[in-house]
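Heads up: the structure comes next, in structure tokens.
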Amino acid sequence: MKNIEHIGIAVKNLEVSNKLYASLFGKKHYKTEEVASEGVKTSFFKVGSNKIELLEATKEDSPIAKFIEKKGEGVHHIAFAVTDIVSEMKRLKSEGFIVLNEKPKKGADNKLVAFLHPKSTNGVLIELCQEIE
Ligand code: ZN
């Protein structure tokens with residue numbers, strides 16, 4: 001596993017939160033992207049060398065909608081960059097972590113992603129992401 005690639009924050013309303021975080025960071029988000037398969041709309045901010053991803057649900061039954069229903073808005077996941085997501089998934093499985101995806105899937109920001117169940121990581125949803133070449 002390499003550096004923290006980004007931190008994901010679940011929000012109820014992307015437009016409202018884009019404004020809130022723009023005034024917090026002193027700059028606007030640099031892109032928005034919808035991942036229809038995940039029922040989510042995202043926006044990205046760069047803060048120094050770090051990235052923050054805001055996530056808004058586009059469907060009632062999407063994972064983000066369920067998260068907000070249960071826990072409210074807030075930190076949703078921490079994403080780590082990996083070089084080879086498939087071998088990293090294999091390694092983590094063999095270490096006893098619960099990998100939520102059989103195969104990596106296409107996420108936002110031109111990435112292949114996979115998630116680890118928070119049950120196996122002290123309550124933190126971990127995303128692995130590999131840049132698509
Ligand atoms: Zn993410």
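Every number in this text was worked out from the coordinates using simple rules, so none of it is lab data. Values in this document were obtained by computation on a predicted structure and should not be read as measured data. All Cβ positions, even for glycine, are placed from backbone atoms using ideal geometry, and neighbour counts span all protein chains on display.
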| request: Filter the stretch 46-67 down to residues that are away from the ligand (no atom under 15 Å from the Cβ), surrounded by 12 or more Cβ atoms within 10 Å (Cβ to Cβ) and not hydrophobic (A, V, I, L, M, F, W, C), then give me how many there are. | output: 3
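Count, please, the residues in the stretch 68-101 that happen to be on the phi > 0 side of the Ramachandran plot, under 18 Å from the mean Cα position of the chain (by Cα) and more than 16 Å from the ligand (Cβ to nearest atom). Even if it seems obvious, please write down each step before you answer.
So in the stretch 68-101, the residues on the phi > 0 side of the Ramachandran plot come out as 72, 74, 96.
Right, trim to under 18 Å from the mean Cα position of the chain (by Cα) and you get 72, 74.
After this cut, where a residue has to be more than 16 Å from the ligand (Cβ to nearest atom) as well, the list is 72.
Adding up the residues that qualify gives 1.
Are there strands (runs of 3 or more DSSP E) fully within the stretch 79-133 with at least 3 residues that are surrounded by 20 or more Cβ atoms within 10 Å (Cβ to Cβ)? List them. It would help to see each step written out before you state the result.
Details: elements: 105-107, 111-116, 126-131.
In the stretch 79-133, the matching strands (runs of 3 or more DSSP E) lie at 111-116, 126-131.
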| Pairs under 6 Å by beta carbon, first residue more than 9 Å from the ligand (Cβ to nearest atom) in the stretch 108-133, partner assigned to a strand (DSSP E or B) and small (Gly, Ala, Ser), six or more apart or different chains? | Leu128/Ala114
